[in-house]
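Colleague: Got a structure for you, written out below as structure tokens; questions coming shortly.
The values are calculated or read from the model by the stated rules, or taken from the named source; none is laboratory data. Since the structure is predicted, the reported quantities are computational estimates derived from the model, not experimental observations. Using ideal geometry, Cβ is built from the backbone for each residue, glycine included, and neighbour counts are taken over all protein chains shown. Side chains are part of the model used for accessible areas, which takes the heavy atoms of the whole protein and leaves out ligands, DNA and RNA. Shrake-Rupley method; radii C 1.70, N 1.55, O 1.52, S 1.80 Å.
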Amino acid sequence: MAKNIFVVEDDNFLQGLEMTKLQKSGYEVIVAGDGDEAYKVIEGGKVIDLIILDLMMPKFDGFSFLEKIKKDPKYATIPVIVFSNLYEDADVEKTKKLGVNDFMVKANFTLDDLTAKIKNLIGE
């Protein structure tokens, strides 16, 4: 059975690229365009094996979404990879304190690199 990857990304073009790459790698992909939509999806009860999270989004940013899910025992153990253009040390440190598994700066990694990180965390 395919693993479910939840992509939380407000850039439609990048969201589409991530979704296509992950589907070709054998994953089921769920998408949301902001943290508010993402929280509604996660509360919908679908099993999520890993979250790829952008930080800079409208309405409800990635930091707020991360804080909310990590406080809830139902979701706190879901692995999270932050995939963002934010790269200040304070941003990285804040996400690590909130319990992310990895932090990747979009400009420094390819989608192949992202897929490799996912496989390392949850397998295929």
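Colleague: Rank-order 69-78, 42-51 by packing density, defined as the average count of other C-beta atoms within 10 Å over each peptide's residues, highest first. It would help to have the intermediate numbers written out before the result.
Modeller: Working: 69-78: 13.4, 42-51: 15.6.
Per-residue Cβ counts within 10 Å, averaged per peptide and sorted highest first, yield 42-51, 69-78.
Colleague: Here is a further query. Please work out the average accessible area per residue across the chain, using the 1.4 Å probe convention, and give it in Å². Mind dumping the intermediate values first?
Modeller: Values: 6480 Å² over 124 residues.
Computed with neighbouring chains in place, this is 52 Å² per residue.
Colleague: Ok, one more. Rank Asn85, Asn108, Asn12 by mean-square fluctuation in a GNM of the chain with C-alpha springs under 10 angstrom and give only the top-ranked residue.
Modeller: Asn108
Colleague: Next question. Can you send over the carbon and sulfur percentage of the accessible area for the chain, probe radius 1.4 Å, protein chains only? Don't jump to the answer; show the numbers that get you there.
Modeller: Values: 3190 of 6480 Å².
Carbon-and-sulfur percentage of accessible area, whole number: 49.
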